[in-house]
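The next block holds one structure in the form of structure tokens; read it before the comments.
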Amino acid sequence: MISSRKRFLRVAVGSVLISLLIGAIVILILGKNPFSAYYNLLQGCGLAPKAKYGGGRSMFTDLSSYIDFWTPMIFAALSCAVAMKAGLFNIGISGQMLTAGFIATVTIGYSSLPGVIAKPLVILIGCAAGMAVGALIGFLKYRFNINEVVSSIMINYIAEYIISFFIQTNFIDPVSRQSVNIHDSARLTFHQIVLGGYKYDLPIGFLLAIIATIVVKFIFDKTVLGYELKAVGANRTAAKYAGIRVGRSIVLSMAISGALAGIAGVTYYLGYFASIQPKVLISTGYDAIAVCLLGNSEPVGIFIASFLIEIIAKGATYMSSQAGLESEIASVITGLILLASACNVFFMGILEKREQERAEKAKGINGPGSGGANAPDTEGSPDTEDRRGGAKA
Amino acid sequence: MISALNTIIIDGMSFALPLFIMAIGGIYSERSGITNLALEGLQGMGAFVGALTAYLLTLRLGANSQVPYYMAMLFAMIGGCVYAMLHAVLCIRFKANQVISGVVINILGMALTSFLTKTINKQAFGAPSDKFDLGVSARFTVPGISKIPVLGAFFTRIYPFEILIVIAAVIAWYFLYRTRFGLHLRACGDNPAAVDAAGGNVAKTRLVAVMVSGALSGLAGMCFAYSISAKFSNDIYMGYGYLAIAGYIFGNWELLPSLAACLIFGFARSAGSEIVLALGMPSAYGDLVMILPYVVTLLLLVFLSKKNQAPHALGEIYDKAKR
């Protein structure tokens, strides 16, 4: 168990390093310095000091803005992980985020409720809206055998166009070409709060994200529900024979996944931003898949992986302005990480084989004088041990 | 009224046929046992390579030449084919989860093409832009037959690529259902072990099938670039790849029923925009019409998915050692 986790860590670090290396080569070909470009990424996220700052800005205000940006991704990637554990692939996270963000915006965002009531309501409504969409996808899969990837993409487009229609007919801000900004009282980020002369963005969602990470970890490690979801994900037929209600588990995992995506949506559209851009489906839902694969669908792994991926995403704007590179290089690097992560089972297999060979070789060196009769015994034991470890993982 | 009906048919066909050829690609891949959610990325990559080819050739040969148009189609197929090999390698050699691999191909394709389009425009042509302008393809009308009421619309204002697609579709049908190779391919999707026992090469057949799906998707992407968008840009990723997937699922992984599905999508789309136009509704209502193909897809899947039978070994990694 531990050794498989270690192996995964090696593969994950390896895929990130290789992707960054390929990115560096591309940057080099374009005649720029990859080290300064990558340093710009850190500077853009407030993890390294910039040469100069505007009024009210500092490294720490950049960092606060980065955390604000990071928060939705944690929820989105957790959402992806919950579905993935149950063997489902939620590619509709962006659509669920948009639906939740839009419903919360029109119900609470434009109301004049005080902040103490409005903020929790925004989270609850976002959660419920996302959950409804997720459960629908799960239901279509369970009841009508519709591939969840196809149905969620259809729902993504339907949500995008319908919401864009309502924004453009009812809620459009003629200047920004986006929906009218929500009231500050409903916003989940304390935007541009002045502390000691600096303006910080303080996201409430980040605290929730930490709690959500722990809760999801608890559900998977310690509860019957989590065990059942994992069993369904590992082998649907076996789970069915073990008496687990597979259909219920599918709908439930998509509902939880949708609920997390809904919270991701409200922390994005009513937190980091205060408005919705019509006709745009954000890429967070897709990047979340990269984060989830890189983090091995483990809540703690996701927390770390999302931190990394979001540095690339958020820092790209600053890098593009400083180094003159197109900011799309960031999504190319994320794509490469995703590509390498997709092969992680294969690479882990190679590592495992190599470890076994090394172990066998070590045995051979230790006992050169031993007779042939007891050799199979000593060779047999580590082999079975390893196989058991593999089965558990 | 007649003219509205004609428009619906003309626009519907020019949308349905590229969708159909992409669905054929998907059928090839999935009948060989490789789940292919990568159609979206493959058509985008194909369109990118084709559009770049056309752009470069037009600079050299001038705007009146027909060569760039056909070379774009050819290179779009090559581009899609080569990019599809990545999906094949991930699924066959690296034994990656085929659903994940497909999604990865889509995300990476979108990122790569938009990065390359911007970078090439800036570095090579010295003009910052996120697109390659192509213009809409010329059309032609078959004299005589096009005068027949209603049916004539199928021969009116045709894009030349529609002919290419029909030819490609007939060849694809012949290979899949009437040749040894097609039989092997279909067997790979249902019982790869049997193919192996009979001396066939499962990995090679699947590789070829995925490459065919890449080539056909690339062609489809180029057709969309020359008709609907009139350029190559990120607009190419409108989810048509997924519509094609829904098309062949609805068509139960068979060619002719899939054609029917694609025609339904095409006519739903053109009829919708014609209605908005006829009723003189403001442009925002166009957004509502855009959802029609997607809603139709979902509803059709609700009614038909239960009966459908996917290839038996679809999505399974074939491992000789595990026989």
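Of note:
- GNM on chain B, alpha-carbon springs under 10 angstrom: the most fluctuating residue among B:Leu112, B:Leu17, B:Leu243 is B:Leu112.
- Loop sites in the stretch B:115-166: chymotrypsin sites (Phe, Trp or Tyr not before Pro), DSSP, at most 14 other Cβ within 10 Å: B:Phe125
- Among residues other than A:Phe206 with Cβ under 13 Å from its Cβ, the summed charge is -3 (Lys and Arg +1, Asp and Glu -1).
- Angle between chain A longest axis and helix A:299-323 axis [Cα atoms, degrees, rounded to 10]: 60
- Spatial extent of the stretch A:140-270: Rg and Dmax, with the Cα atoms as the point set, Å: 20.2, 64
- Per chain A, cysteines lacking a partner by the 4.7 Å Cβ criterion: A:Cys45, A:Cys127, A:Cys343
- Estimated from helical segments only, the mean residue ellipticity of the protein assembly as shown at 222 nm is -23500 deg cm²/dmol, where each DSSP H run of four or more residues counts as -39500 (n - 2.57).
- Average beta-carbon neighbours from other chains, 10 Å sphere, peptide A:339-346: 6
- 3J(HN,Hα) couplings calculated from phi for the stretch A:5-22 with the Karplus curve 6.51 cos²θ - 1.76 cosθ + 1.60 (θ = phi - 60°) are, in sequence order, 5, 5, 4, 4, 4, 4, 5, 5, 4, x, 5, 5, 4, 4, 5, 5, 5, 4 Hz; Gly and Pro show x.
- Which of A:Leu229, B:Leu5, B:Leu255 has the fewest Cβ neighbours within 10 Å, and the rest in rising order: B:Leu5, B:Leu255, A:Leu229
- Among the chymotrypsin sites (Phe, Trp or Tyr not before Pro) within the stretch A:98-145, those in coil by DSSP and having at most 16 neighbouring Cβ atoms inside 10 Å are A:Tyr110.
- Counting all C-alpha pairs of the stretch B:82-156, share separated by more than 15 Å (%): 72
- Degrees between helix A:329-342 axis and first principal axis of chain A (Cα, 0 to 90, nearest 10): 30
- Neighbour-count order for A:Thr169, B:Thr113, fewest beta carbons within 10 angstrom listed first: A:Thr169, B:Thr113
- Taken about its Cα centre, the protein assembly as shown carries a charge dipole of roughly 820 debye when the Cβ of each Lys and Arg holds +1 and the Cβ of each Asp and Glu holds -1.
- Environment charge at A:Ser331 (Cβ cut-off 13 Å; Lys +1, Arg +1, Asp -1, Glu -1): -2
- Between the listed residues B:Leu314, B:Leu183, A:Ala212, the Cα displaced farthest toward the positive end of the dipole of the protein assembly as shown, a dipole computed from Cβ unit charges relative to the Cα centre, is found at B:Leu183.
- Comparing A:Arg57, A:Arg177, A:Arg354 in a Gaussian network model of chain A where C-alpha atoms under 10 Å apart are linked, the largest mean-square fluctuation is found at A:Arg354.
- Listed residues B:Phe224, B:Ala47, B:Met238: farthest to the positive end of the dipole of chain B (Cβ charges): B:Ala47
- With a 10 Å cut-off around each Cβ of B:293-305, the average count of Cβ atoms from other chains is 5.
- For the protein assembly as shown, the normalised intensity computed at q = 0.08, 0.11 Å⁻¹ comes to -0.67, -1.27 (log10 of I(q)/I(0), Debye sum over alpha carbons, equal scatterers, no solvent).
- Centroid-to-centroid separation of the stretch B:76-153 and the stretch A:277-354 [C-alpha atoms, Å]: 23
- In chain B, the ratio of gyration radius to Kirkwood radius, Rg to Rh, stands at 0.99 when only Cα atoms are counted.
- Diffusion coefficient (Stokes-Einstein, Kirkwood radius over C-alpha pairs, 10 °C, 1.306 mPa s) for the stretch A:61-310: 88 µm²/s, rounded to a whole number.
- Highest GNM mean-square fluctuation among A:Ser321, A:Ser79, A:Ser297, for chain A modelled with Cα contacts below 10 Å: A:Ser321.
- A Cβ-based charge dipole, computed about the Cα centre of the stretch A:203-352 with Lys and Arg at +1 and Asp and Glu at -1, lands at about 620 debye.
- Residue exposure sequence - A:Met73, A:Met84 - by fewest surrounding Cβ within 10 Å: A:Met84, A:Met73
- If you plug the beta carbon distance of B:Leu277 and A:Arg143 into 1/(1 + (r/R0)^6) with R0 = 35 Å, you get a FRET efficiency near 0.40.
- The stretch B:184-246 - convex hull of alpha carbons, volume per residue in Å³: 89
- Cα-based helix-to-principal-axis angle, A:34-44 vs chain A, degrees rounded to 10: 50
- Net charge of Cβ neighbours under 13 Å - reference B:Leu108; Lys, Arg +1; Asp, Glu -1: -3
- Reducing the stretch A:74-102 and the stretch A:109-184 to their Cα centroids gives an inter-centroid distance of 13 Å.
Throughout, read-outs are computed from the coordinates displayed, never taken from laboratory work. Predicted model, so just to flag it, every value in this text is computed and none were measured. Cβ sites come from the backbone with ideal geometry, for glycine too, and all protein chains shown count toward neighbours.
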